[in-house]
Amino acid sequence: MRDERTTGAARALTEVGLVLRSDWMGLTLSYWLRDGRPKNHHKSSFCPFSVAPPIRLAVLLDTPPVAPGHPRSKWSLTHLSPNLQVCPSGGRVRRACVEQSSDAVRGGVGVEAGLHVWEVLWEEQHRGSHALLGVSTHKCPLQASGYTALIGGDSCSWGWELSSNQLWHDGKRRGLYPEGGATDVLSVPDRVLLVLDADAGTLGYVVDGRYLGVAFWDLPKGAELFPAVSCVWGGAEICIRYLCGTTRDAPALQDLSRLIARRYLRAHQHHTLQRLL
């Protein structure tokens, strides 16, 4: 029995490679997982564009979410367009049925450091054009006449237009996301994770459980950044929830061990169950 457990542990370690990589914070851990998803994992149109997340993010995505009602799980009650209304709980915002207006709201609490993940729920049929999800500083305008990319429309915000897959910053298109040469616009599902690394100054997204890589580099370090959305669709409702966050420190060995064990079990769950039956 001991030999069998040892063999299984050794096999798990061979499935995951841990390497040291030099980057902006010195030596950090990065990883790759070979064939790490269950064989019956949902087939997503985003699958060809997924990339292996940095180890800090991989550990964070494997961490249980914080309890509901966290202060970062709320939209701001004061920093929003007059055409938007936040529900009493703070986690949902609704746009009024008005025409020729672009309207934005930012999170109630920003971050200046650390790696953070938010979940945003926005039904695809309630987006229309100019549906942007991203981050902003406190200087970003929150209302404009006509239909425009408000989040990403100035130098103080960065946004991903969900209906066209276009990235926006400083009022300019910054290319399609995810990278990889998609010939058609990818249909973004209702649920999207926003990944902000305030230490590295990067912003990325997770769709269908797949990290799509960095969308924006060179976000201002040390500045307070807020999750933000802008929309033009009358009656649109957008929910936000803060999932988890971590500091710039390397993950604890216990967290790394848990990640490796869970990845191995997911990848071999069918074989493991057959052995137990």
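Below is a table of values for the structure above.
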quantity: Residue ID - nearest to GLN100 (Cα to Cα), chosen from residues in the stretch 134-143 that are of a type outside the set (Ser, Thr, Tyr) and assigned to a loop (DSSP other than H, G, I, E, B); calculated: LEU142
quantity: Residues (open to solvent by 10 Å² or more (accessible area, probe 1.4 Å) and in a loop (DSSP other than H, G, I, E, B)) located in the stretch 73-89; calculated: LYS74, PRO82, ASN83, CYS87, PRO88, SER89
quantity: Meets criteria (touching a strand residue (DSSP E or B) at 6+ places or on another chain (Cβ under 7 Å) and crowded, with 21+ Cβ neighbours inside 10 Å) for LEU219; calculated: no
quantity: Matching residues in the stretch 108-122 - criterion: being touching a Leu at 6+ places or on another chain (Cβ under 9 Å) and within 23 Å of PRO82 (Cβ to Cβ); calculated: GLY108, GLY110, VAL120, TRP122
quantity: Residues within the stretch 160-192 that are under 22 Å from LEU60 (Cα atoms) and touching a helix residue (DSSP H, G or I) at 6+ places or on another chain (Cβ under 8 Å), tallied; calculated: 3
quantity: Residues (open to solvent by less than 40 Å² (accessible area, probe 1.4 Å) and either in a loop (DSSP other than H, G, I, E, B) or touching a Lys or Arg at 6+ places or on another chain (Cβ under 9 Å) (or both)) located in the stretch 172-197; calculated: TYR177, PRO178, ALA182, LEU186, VAL188, PRO189, ASP197
quantity: Matching residues, the stretch 90-109, being crowded, with 16+ Cβ neighbours inside 10 Å and closer than 16 Å to GLY146 by Cβ; calculated: ARG95, SER101, SER102, ASP103, ALA104
quantity: Matching entry among GLY134, GLY91, GLY107, GLY128 (being within 19 Å of ARG191 (Cα to Cα), at pLDDT below 95 and not aliphatic (A, V, I, L, M)); calculated: GLY128
quantity: Pair list, Cβ under 7 Å, 6 or more apart: the stretch 201-227 residue more than 21 Å from PRO48 (Cβ to Cβ) and among the polar types (S, T, N, Q), other residue at pLDDT 95 or above and not in a strand (DSSP E or B); calculated: THR202/TRP217; THR202/LEU219
quantity: Unmet criterion (only one of (1) open to solvent by 20 Å² or more (accessible area, probe 1.4 Å); (2) without any contact (Cβ under 8 Å) to a residue 40 or more places away in the chain; (3) closer than 24 Å to PHE46 by Cα) for SER129; calculated: (2)
quantity: Pairs with Cβ under 7 Å, 6+ apart, first in the stretch 72-98 and farther than 14 Å from GLY234 by Cβ, second assigned to a loop (DSSP other than H, G, I, E, B) and open to solvent by 70 Å² or more (accessible area, probe 1.4 Å); calculated: GLY90/LYS74; GLY91/LYS74
quantity: Count of the stretch 144-171 residues which are part of a strand (DSSP E or B) and under 24 Å from VAL111 (Cβ atoms); calculated: 8
quantity: Set GLY204, GLY209: member being open to solvent by 40 Å² or more (accessible area, probe 1.4 Å), under 18 Å from LEU61 (Cβ atoms) and of a type in the set (Gly, Ala, Ser); calculated: GLY209
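The values are calculated or read from the model by the stated rules, or taken from the named source; none is laboratory data. Just so you know, these numbers come straight off a predicted model, no measurement behind them. Heads up, the Cβs are rebuilt from the backbone with ideal geometry, glycines too, and the neighbour counts pull from every protein chain shown. Surface areas here come from the heavy atoms of the whole protein model, side chains and all, with no ligands, DNA or RNA. Shrake-Rupley method; radii C 1.70, N 1.55, O 1.52, S 1.80 Å.
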